[in-house]
1. Out of segment 702-731, which residues are in a strand (DSSP E or B) and either under 19 Å from residue 683 (Cβ atoms) or at pLDDT below 70 (or both)?
2. Checking the structure you have, find out if any residue of segment 395-413 is of a type in the set (Phe, Trp, Tyr) and closer than 27 Å to residue 38 by Cα.
3. Can you pull out the residues in segment 62-95 that are charged (D, E, K, R) and in a loop (DSSP other than H, G, I, E, B)?
4. Quick one: which helices (runs of 4 or more DSSP H) lie wholly within segment 367-462 and hold at least 3 residues that are within 21 Å of residue 97 (Cα to Cα) and either in contact with a Pro (Cβ under 8 Å, 6 or more places away or on another chain) or small (Gly, Ala, Ser) (or both)?
5. What are the residues in segment 34-54 that are exposed (fewer than 13 other Cβ atoms within 10 Å of the Cβ) and without any contact (Cβ under 8 Å) to a residue 40 or more places away in the chain, if any?
6. Exactly one condition in (1) in a loop (DSSP other than H, G, I, E, B); (2) more than 18 Å from residue 270 (Cβ to Cβ); (3) in contact with a helix residue (DSSP H, G or I) (Cβ under 9 Å, 6 or more places away or on another chain) is false for residue 319; which is it?
7. So, in segment 260-282, exactly how many residues are at pLDDT 95 or above and either of a type in the set (A, V, I, L, M, F, W, C) or crowded, with 21+ Cβ neighbours inside 10 Å (or both)?
8. Which one is surrounded by the most Cβ atoms within 10 Å (Cβ to Cβ) among residues in segment 631-647 that are assigned to a strand (DSSP E or B) and free of Cβ contacts under 8 Å to residues at least 40 places away in the same chain?
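The values are calculated or read from the model by the stated rules, or taken from the named source; none is laboratory data. None of these values were measured; they are calculated from a predicted model. Ideal geometry is used to build each Cβ from the backbone, glycine not excepted, and the neighbour counts take in all protein chains shown.
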Amino acid sequence: MNMKKALLLFGISAFAAVLSSAEFQIDRFGQFVDLEFPEKVRSEEELKADMAKDKAYYDSFPIPERTFYGSLPGSREKYGLTATGFFHLEKVAALNGRIMLVDPEGNLYFHLGVCSSMPGNEFTPVKGREELYEWLPTADSKFKQARWGNSVSFYLANWIRKHGSYDEVAWQKEIVTRLRHLGFNAFGEFTQVFEGNDKLGFAFTKCLEHYWKKGFALVGNDRHIDPFAPQNAELLEKEFAARTKSFLKNPALIGYYTENEVNYPQVMQQLLENTGNIPAKKKMSEWMKQRYNSKIAQFNKNWETSFADFSAIATTVLKARTPEAKQDLEAFEEFYWDAYFALISKTLKKVDPDHLYLGERILPHLIRYDRVIRAMGKHCDIFSANYYTNGYLPKEVAHMTAVSAKPVMLSEWSFGSPEQGLFGVRNVKNQQERAAQYRRYVENAAATPGVVGVQWFCLLDESNTGRGWSSFYEERFNTGLFNICDRPYKVLTDAAAQANNKVYDLIERKLRPVAAPPYKILYAGDRVVKVGKVRNALPLNGDEKKYAAFSKEPLYVSLLTQEHTKKGWGEFRFGWDEKFFYCHVYMPDNSPAKPQKRCPIDGDDSIEIFLGANPAIPGRMQPGDRQLLIRADVGKTPEFAWRNYGRPVKSNTRPLSFCKTVERNNKKGFVMEVAIPWEEIGFDPASGKKIAFDLIVNAGHGSRLSERLVYNGIAENELRRDIWATGILAE
């Protein structure tokens with residue numbers, strides 16, 4: 001797809017899709033050409049002048065009175081704390097028995113970290129779409145450090161323009177100075193502490209993720225080692241010893257995470273489906289045999305199986321359909337996760353007994369997955385959660401501390417807004433609301449018993465055209481304290497300094513946290529669409545006239561807001577009859593429907609339709625829900641795939657589909673029309689009934705996506721069906 005004329009930009013308060021009239025979309029500083037905002041850089045002279053302005057701005061925040069590690073001065077004597085030479089936990093009687101981090105010198109410490117405090121996350125892939133950019137750094141120039149293979153960093157290019165060169169150690173020292181003025185006292189996760197900077201008194205954490213790549217026996221294909229495989233214990237010790245070697249005896253290190261955002265339900269699903277007689281499945285068969293006192297008949301009744309003995313469990317796909325089977329599975333999960341985290345914790349403490357075990361940075365939608373939380377808490381020192389939320393909720397955090405029975409590190413979180421063309425993991429309307437949410441989160445976290453720290457994600461914005469290892473535009477977040485031109489979001493950083501400097505007064509109950517109402521996440525809103533009944537729809541031919549009585553719906557770029565303009569880039573119509581759910585999609589595209597068969601369906605010109613029978617059920621996709629992917633292939637029977645929660649679904653149901661190229665207003669495009677049998681989602685259609693749905697259109701560019709348009713939710717719709725739209729079947 002030729003993106004020169006078709007890159008979707010975000011409108012300043014609406015994320016609205018508009019077409020740029022410029023010959024390129026991204027200027028030489030990495031900014032959107034057609035987007036205006038007060039902080040926009042217009043010349044290299046402005047960047048150079050920023051050096052003096054930066055110093056004046058950060059110096060305007062007096063560094064609060066803190067110890068070497070950013071702890072509360074005098075708290076060692078005041079609370080009778082202990083200096084051990086390493087970060088550790090102590091229960092402070094005078095603070096109602098609150099468990100707190102204590103720094104190596106014995107002072108009360110609340111962790112205020114910034115993740116990814118190093119360049120890297122802001123690199124963006126440019127190969128195959130060079131025409132989007134006014135200028136790109138080259139590897140044979142003074143900007144060579146801003147080039148990394150086929151990716152570039154406009155942030156580093158702008159730093160070099162501003163300072164004349166880039167030295168990673170000097171850069172990080174400058175960042176530490178800035179962050180100290182803003183009240184931070186630590187690096188967050190995914191930060192490489194450059195040589196010598198570990199002596200700055202700026203604490204850090206270390207994640208040991210991806211260790212499982214080194215020959216471990218896995219449960220499935222989802223980065224999870226089998227805790228019952230005998231060889232894994234020895235491999236794990238060797239791998240942890242190698243990864244922790246350079247951090248041993250380092251007082252600035254708080255501790256280790258051992259993984260990041262594991263999909264625990266998927267691990268258990270893969271175990272149920274595994275037929276390879278692996279150790280974990282053998283252990284499951286032994287456990288079930290003991291639970292049922294060797295009575296295979298009762299097991300067969302509860303699991304709807306016909307096994308001769310329990311050993312068959314290890315070589316058979318299991319499905320927990322009945323209430324009794326689900327109870328068995330939940331009980332086995334408790335046993336399984338206890339064994340897993342016991343192995344991880346025991347091994348880590350053996351190779352490094354001085355530093356804390358910080359858990360596995362659990363995904364935000366799993367913070368009520370109590371079986372995992374309980375097991376992780378049993379074996380870690382601090383339970384960690386990447387707690388992205390629409391508004392800090394003390395009750396949710398209290399639930400994590402209660403179930404884990406451990407203090408909590410809120411290991412990743414942020415809010416973003418659209419003024420400069422990006423969006424957030426959690427979206428708010430503007431920087432003022434972003435600042436208000438920062439204050440509410442940090443102040444309430446500090447005031448919440450059981451919370452020992454927070455890690456904002458992250459230091460820098462991601463690129464306007466997507467981060468370097470992503471294959472399309474999907475992740476381009478306004479997560480930074482600083483933008484791509486190294487300019488601070490001053491409304492946010494002002495609020496951060498204000499909140500950060502209050503944390504010890506909040507812990508000592510000298511102040512109360514700010515009370516700000518939570519903001520609703522800015523998806524498209526609770527869209528409700530009337531799905532009209534179609535007469536004589538078959539055979540499919542791409543003709544939209546049969547849908548003429550129904551309103552067409554616009555499509556926008558990935559994350560959306562409640563404040564759309566009426567202009568969209570693509571459009572679709574829905575219809576229904578007694579046998580099928582119909583979808584008609586039009587996409588303007590300069591190279592329409594030219595599939596790249598070597599790539600996955602959803603990496604190509606294609607559509608994705610999400611369907612479910614009950615819009616009221618929140619959370620992940622339900623067993624009966626379906627995600628249908630269909631490749632846009634003109635004049636042929638398109639390739640398709642059924643999925644549920646990101647996993648293939650074996651089905652003999654073939655959707656009817658049709659694809660053709662079209663031309664409207666001298667613009668090429670393609671039309672896809674699809675008929676989905678109701679039987680696939682177990683839905684009995686009738687006028688007035690409601691169905692949960694969403695629609696994604698993927699536009700391919702070679703072997704990767706160049707745009708992803710979503711009607712109502714987000715790209716990860718399998719995780720959050722509560723953000724799908726609602727369709728009402730109408731006559």
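1. Within segment 702-731, 704, 705, 706, 707, 708, 725, 726, 727, 728, 729, 730 meet the criteria.
2. Yes: segment 395-413 contains one or more residues that are of a type in the set (Phe, Trp, Tyr) and closer than 27 Å to residue 38 by Cα.
3. In the first step, residues of segment 62-95 are kept if they are charged (D, E, K, R); the result is 65-66, 76-78, 90-91.
Listed by number, the residues that qualify are 65, 66.
4. 394-404, 431-447
5. The answer is 36, 38, 42, 43, 45, 49, 52, 53.
6. The number of the failed condition is (2).
7. 3
8. Step by step, filter segment 631-647, then rank; the result is 631.
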